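Read the structure below first, then the notes.
Where a number appears in this text, it was derived from the coordinates with a stated rule and is not lab data. From a predicted model like this one, the values you see are computed outputs, not experimental measurements. In this analysis, Cβ positions are derived from the backbone assuming ideal geometry, glycine residues included, and neighbour counts consider all displayed protein chains.
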Amino acid sequence: MNSSKERFIYIFLLIFLCLASFGLGVYVFKSENHLEARPLPQSDSIVLKAKPIIPQDNIVTKNYVGFVEAINQVQIIPYINGYLQNIAINAGQNVQKGDLLFTINPDEYQAKLNIAKAAVLQAQADFEYNQTYYNRVLKSGPKAFSETEIDSAKNNFLQSQANLENAKASLELAQVNLNYTVVKAPISGLIGNFTLSPGDYVSPSSGALLNIVQMSPVRIVFSLTDTEYLNLKENNHPLFQDCSIRLILSNGTAFEHSGDFKYTDNQLDKSTNSLAVYTYFRNDNYQLFPNSYVTVEVNRQFKNTVLISKELVQMLPNGNFITIARNNVPQHIPVQILADTGESYIIKNVFQSGDLLLLENLPNLSKGTLVHFNIVS
């Protein structure tokens, strides 16, 4: 009896222990699976590539086709008729203003001057005689002279006075003609080709005997579109205020001197919608010849600006924007484009010290996302 009871208790305990072990195993299994399914608490973060925004002076270069013109050029045409007495210059010679070019035989004009001088002396004598006689008539009065005699004396006096003035004018003209026998250079410049010889007969109808072209300075003409003109003229600044104007010659070399802007034309060329610009350049070595073409290089300086790649500028209907990080907070800010360099824009400096330019698109960030920046140069 006792042995049967003990066996029952033993079996019951065995079954209880098995059930307890199974229950404990199920509990542990569920507890482990629950811990694996629950994520550990952590903060989201992202790394964005950026670089410091450093303002600096930027230069934009634009090239134009330029045309070389002489500022002054003169055709020498004789004012009087005559035979060339001597020629003082050679073709291709450089002359200064006032240098002797040639002389026309002065004998005829010297003789005419002498005749004019004699005519003045004769007219002067007639005038003085008639003036004296008229004064005597006026002093004596109507008791000594009739009214007819008084009128005649007055008329002779006035006529002699007119003759004297006419003789003086003829003398001046004779002197002018004599002076024109000596032909001098009216400007400084380079003499072109000519085929004159001493003894040639010349006259105003002969046309130009030779020409002189001023070689320094010279005028370079190029054209701006109306848009370029307005961009340069913005904010009422003087045209080409922050620009240097240089030349590239036909052989590809840079011209030694920079130019000075002088003026623009007073109207647009309606066929090209462009405005002619006139600049002056020193040409001491005669590298620039009138009627030749050059490349005009206009370098415009933008002070205290930022150069930003075009791909980083967003052009939207409400303006132009870029993405920066200010105080480690990414944000879009509006910017003003001052110039186009081809691959980049020159942007007006509206930035603060420490601002970073983001070099990649800014993704949608959830609240609490930490942003870190990979700074590149």
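Checking the Cα-Cα distances for Lys112/Lys184; Lys97/Lys233; Lys97/Lys262; Lys233/Lys310; Lys262/Lys310 against a 30 Å cut-off, the pairs over it are Lys97/Lys233; Lys262/Lys310.
Taking other Cβ within 10 Å of each residue's Cβ, how do Met215, Met315 sort, fewest first? Let's see the in-between values first.
On the way: Met215 22, Met315 10.
By the 10 Å Cβ count, ascending: Met315, Met215.
Over all distinct Cα-Cα pairs of the range 80-212, the Kirkwood formula returns a hydrodynamic radius of 18.3 Å.
Each residue, Arg282 and Asn364, gets one label point 7 Å from its Cα in the Cβ direction; the gap between the two is 6.6 nm.
Working from Cα pairs under 8 Å separated by at least six residues, relative contact order for the chain is 28 percent. Answer rounded, prolate or oblate for the range 58-115, using the Cα gyration tensor with square roots of eigenvalues a ≥ b ≥ c: rounded when a/c is under 1.5, else prolate when a/b is larger than b/c, else oblate. Prolate, because a/c is 1.5 or more and a/b exceeds b/c. Working note: Cα gyration tensor of the range 105-153, eigenvalues times five, square-rooted, sorted largest first, giving semi-axes of 39, 8, 4 Å. Of the options Ala144, Gly199, Ser160, report the single residue whose Cα projects farthest towards the positive end of the charge dipole of the range 80-212 (beta-carbon charges: Lys, Arg +1; Asp, Glu -1). The residue sitting farthest along the positive end of the dipole is Ala144. On a 0 to 90 degree scale, rounded to 10, what angle separates helix 147-179 from the longest Cα axis of the chain? In the chain, helix 147-179 runs at an angle near 50 degrees to the longest axis.
Spin-label model, Asp269 to Glu228: label points 7 Å out along the Cα-to-beta-carbon direction sit 1.2 nm apart.
Over the range 276-377, what lengths in whole Å, largest first, do the semi-axes of the equivalent ellipsoid take, defined as the square roots of 5 times the eigenvalues of the alpha-carbon gyration tensor? Please list the in-between numbers first.
Numbers: eigenvalues 386, 39, 27 Å².
They are 44, 14, 12 Å, listed from largest to smallest.
Annotation: peptides 147-155, 80-88, ranked by per-residue average of other Cβ atoms within 10 Å with the highest first, follow the order 80-88, 147-155. Inter-label distance, Asn349 to Gln75: 5.7 nm, where each label sits 7 Å from its Cα along the C-beta direction. Only lysines eight or more places from Lys139 in sequence, or on another chain, were considered; those with a Cα closer than 25 Å are Lys154.
Each Lys and Arg contributes +1 and each Asp and Glu -1, all at the Cβ; summed about the Cα centre of the chain, the dipole is approximately 1300 debye.
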